[in-house]
Amino acid sequence: METKRLGKQTVHLTMQPGVAAAACVGGKKEGEGPLRKYFDYLSDDSRFGAKSWEKAESAMLKMCYSIACDKAKVTPSDVEYVFSGDLLNQCAGSAYAMRECGVPYFGLYGACSTMAESLSLAAMLIDGGFCDTAAAATSSHFCSAERQYRFPLQYGNQRPPTAQWTVTGAGALILKTDGPAPYVTHITTGVITDAGVTDMNNMGAAMAPAAYETLSAHFKDTGRGPDYYDAIVTGDLGIVGSHILADLFLRDGIDLGMGYMDCGRLIYSANGQDAHAGGSGCGCSASVLCGHLLHGMLEHNWDRLLFAATGAMMSPTTNQQGESIPAICHAVALENTRC
């Protein structure tokens, strides 16, 4: 059997499915940020018409998936597989969003890396010949995440400068065998990396080493360097983590270059919005990818983009038990020409 593997962690897809359509939905704060024009829908009501924050997150994701399907000219029930996840216990946000679609569904948990994980698995399924159409989606909601991971909003706790703001947002994209550019060409699956960070308010420091390991593996496995890509975009390292990542590569004599960006730094204004170290949450990298980044590829601002979303794989229980925070990063190469 001909292998598609390159090295230990990377695969080179042969079918290289294309992105038929993508959509992103956000809340009020996201609509006040610099990427406002790239969202398909922005709500002034953080509850999205629902009675709870958790139901609001499901409503937001359901809307996003429906918009992506409309743009791809497929009905939500015609998609052959859906890969989706969120930050809530048992991925409840995604499960309730997709319960009426009647589509084979895989619920995923990769924390803030979930968009790269769902995109990887959807592309692999198509590349393996198991389907022609698959969806990758994820979401997060500031209020539901705060309730689960930190304190009730009414508590009004103070956030340190290293803290990041969970994005109220969702992203969904439809991959098809014969879809148009951009195409998914390579996938580098991450390994769990633990730098010993225990501070839940410093996710950037916890996740940066995972991004370093995955990007290093991608460069080694593919023989490509940072200069091959027009843009390298990490997911949700924020101000603190993106500086750490750049420094880690500089120690190896590698400059990630002017094309290096981070979704957590892109989604909010550093001066005009109080997001401290930037954005985070599954919906951060998902909405930035499905809006700003894919739009830029269609406009040929970037023809070769490496999307590397990171996630902190802890729980409130493990943190209270004094455990450190393990992290993961998955990288997906998107290119406007098949290779």
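The values are calculated or read from the model by the stated rules, or taken from the named source; none is laboratory data. In this text the structure is predicted, and so the values were computed from the model without any measurement. Neighbour counts are summed over all protein chains in view; Cβ atoms, including those assigned to glycine, are modelled from backbone coordinates with ideal geometry.
Within region 156-203, count every residue that is in a strand (DSSP E or B) and either modelled with pLDDT of 95 or more or of a type in the set (A, V, I, L, M) (or both).
Qualifying residue count for the region: 16.
Thr10 passes all but one of (1) touching a Ser or Thr at 6+ places or on another chain (Cβ under 8 Å); (2) crowded, with 21+ Cβ neighbours inside 10 Å; (3) at pLDDT below 95; which number fails?
(3)
Being free of Cβ contacts under 8 Å to residues at least 60 places away in the same chain, of a type in the set (Ser, Thr, Tyr) and in contact with a Phe, Trp or Tyr (Cβ under 9 Å, 6 or more places away or on another chain) narrows it down to one of Tyr96, Tyr81, so name that one.
Result: Tyr81 is the single residue among Tyr96, Tyr81 that is free of Cβ contacts under 8 Å to residues at least 60 places away in the same chain, of a type in the set (Ser, Thr, Tyr) and in contact with a Phe, Trp or Tyr (Cβ under 9 Å, 6 or more places away or on another chain).
Hey, can you tell me all the residues within region 58-87 that are surrounded by 18 or more Cβ atoms within 10 Å (Cβ to Cβ) and among the hydroxyl-bearing types (Ser, Thr, Tyr)?
Ser58, Tyr65, Tyr81, Ser84
Name the residue that is farthest from Ile67 (Cα to Cα), counting only residues in region 137-155 that are aromatic (Phe, Trp, Tyr) and at pLDDT below 85.
Looking at residues that are aromatic (Phe, Trp, Tyr) and at pLDDT below 85, I get Tyr155.
Run Leu245 past the list (1) touching a helix residue (DSSP H, G or I) at 6+ places or on another chain (Cβ under 8 Å); (2) more than 26 Å from Gly296 (Cβ to Cβ); (3) without any contact (Cβ under 8 Å) to a residue 60 or more places away in the chain and report the number of the one that doesn't hold.
(2)
How many of the residues making up region 13-57 are touching a residue at least 60 places away in the same chain (Cβ under 8 Å), at negative phi, surrounded by 16 or more Cβ atoms within 10 Å (Cβ to Cβ) and not in a strand (DSSP E or B)?
Of the residues in region 13-57, 16 are touching a residue at least 60 places away in the same chain (Cβ under 8 Å), at negative phi, surrounded by 16 or more Cβ atoms within 10 Å (Cβ to Cβ) and not in a strand (DSSP E or B).
Go through region 241-339 and tell me which strands (runs of 3 or more DSSP E), entirely inside it, have 2 or more residues that are closer than 18 Å to Ala136 by Cα and outside the structural domain of Lys71 (by TED's automatic domain parsing).
Passing ranges, in order: 304-312, 326-335.
Scanning for something over 23 Å from Leu334 (Cβ atoms), touching a Leu at 6+ places or on another chain (Cβ under 7 Å) and not assigned by TED's automatic domain parsing to the domain that holds Asn271, does region 40-55 turn up at least one residue?
yes
Restricting attention to region 189-203, does a residue exist that is assigned by TED's automatic domain parsing to the domain that holds Ser269, crowded, with 24+ Cβ neighbours inside 10 Å and within 16 Å of the chain's Cα centre (by Cα)?
Within region 189-203, one or more residues are assigned by TED's automatic domain parsing to the domain that holds Ser269, crowded, with 24+ Cβ neighbours inside 10 Å and within 16 Å of the chain's Cα centre (by Cα).
Can you pull out the residues in region 69-115 that are among the polar types (S, T, N, Q) and in a helix (DSSP H, G or I)?
Of everything in region 69-115, those that are among the polar types (S, T, N, Q) and in a helix (DSSP H, G or I) turn out to be Asn89, Gln90, Ser94, Ser113, Thr114.
Taking Cys64 as the residue in question, decide whether it is over 18 Å from the mean Cα position of the chain (by Cα) and of a type in the set (A, V, I, L, M, F, W, C).
When the stated conditions are applied, Cys64 does not pass them.
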